[in-house]
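The values are calculated or read from the model by the stated rules, or taken from the named source; none is laboratory data. Since we're looking at a predicted model, the values are computed, not measured. Because the Cβ atoms are built from the backbone with ideal geometry, glycine has one as well, and the counts that use them run over all protein chains shown. Heads up: the accessible areas ignore ligands, DNA and RNA and are worked out on the full protein's heavy atoms, side chains in. Shrake-Rupley method; radii C 1.70, N 1.55, O 1.52, S 1.80 Å.
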Amino acid sequence: MERICRTLYLAAFLLFVGMTLTAQEPAVRESVLSRDSILIGDQIRWSTVLCIAEKDSVYVMPYSQLLQSDTTGAKVEVVADFKIDTLSIRKGIKELEAKMLLTSFDSGYYKLPMPLVVINPHNAAPDTLSFEMPFLAVNTIQVDTTDFVPMDIKGQINYPITFKEVIPWVLLGIGVILLAYLLYRYIKYRRENRDFFGRPIVQDPPHIVALRELDKIHSQKLWQSGKEKQFYTGVTDTLREYIEGRYGVSAMEKTSSEIMESLADVEIEEKPRRELDELFRVADLVKFAKYVPSVGENEEVIPVAVRFVNSTYMKELEEEKEGK
């Protein structure tokens, strides 16, 4: 009885060990395509499920490299190469799924080359895993030629121009014409001394403009704040503009001496003429020779300029009265 029990115990132990070793051997549970046939250019997914020991690792050679060296004539291309995911780990067994995406642009019936799968056991030498690969049928689209009638090549279709296409160009043309008209009107009325609406532009006489500008310069107190050059420039430029408007002399383009020469034949009282000449001389020294005028000289600048404008204007009024 004891002997029989020992025999049964030994048999059960050997069966358990055998089952454990067998369960941990690498195995392929399935190797399938998502469908058995495709049309040219379609994509198909191939997947396989591997069962290996939990501590083992697996390496799958890229299928695109394998296809480059394949001699079976399978005209298959890889869209997305192998991707391995772990499905489960149970009782020391690891279940893996390897997937890839394939396509083909040649019709035919191809047996897919077997991928290179290497198992690296944690306590043994690496080994390759072999399994049967499925066939892939690649079909072409059949053309029914029984009712086929060849047609002539048609020329390019000329579509009619729509209002929506024309309106931007019409608006652009109107805008260009309107802009050209406004520019012409502005230039024409500007030359005629009229405003945009054709009304005459009333301009102040030269002496009013000059006196107003001199009063403005006087209120700025430029020389009192050390800006003598700006002060003398403003006063002399105002006088130049007045002389140009009053006597028609291009004073803005002449030097001080040239201005005085141009006024030589103009009837101006002696004192205002002499004061104007002295004012221009001091102004040139301040502007070009860094001359620093005295307080008295600065204080006399505006009065001298005002006297010159008033005296010449009064002279003009007297001439007009005599002319009447």
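Can you tell me which residues in the stretch 284-296 are in a helix (DSSP H, G or I) and within 60 Å of the chain's Cα centre (by Cα)? 284, 285, 286, 287, 288, listed by residue number. Among the numbered conditions (1) open to solvent by 10 Å² or more (accessible area, probe 1.4 Å); (2) over 16 Å from residue 207 (Cα atoms), the only one that residue 245 does not meet is (2).
The listed residues are 241, 275, 228, 258, and the only one of them that is of a type in the set (Asp, Glu) and touching a residue at least 40 places away in the same chain (Cβ under 8 Å) turns out to be 228.
When restricted to residues that are of a type in the set (A, V, I, L, M, F, W, C), outside any helix (DSSP H, G or I) and surrounded by 13 or more Cβ atoms within 10 Å (Cβ to Cβ), the stretch 248-283 contains 4. Would you mind stating whether residue 267 is closer than 20 Å to residue 209 by Cβ, modelled with pLDDT under 90 and not small (Gly, Ala, Ser)? For residue 267, the condition - closer than 20 Å to residue 209 by Cβ, modelled with pLDDT under 90 and not small (Gly, Ala, Ser) - is not met. Here's a check for you: in the stretch 35-45, which residue that is in contact with a strand residue (DSSP E or B) (Cβ under 6 Å, 6 or more places away or on another chain) and more than 16 Å from residue 109 (Cβ to Cβ) is most open to solvent (accessible area, probe 1.4 Å)? Only one residue tops the list, namely 45. Candidates in the stretch 131-165 are the residues that are in a loop (DSSP other than H, G, I, E, B) and among the acidic types (Asp, Glu); of these, the one that is modelled with the lowest pLDDT is 144.
Scan the stretch 61-115 for residues that are in a helix (DSSP H, G or I) and surrounded by fewer than 13 Cβ atoms within 10 Å (Cβ to Cβ) and jot them down. Matches in the stretch 61-115: 65, 68.
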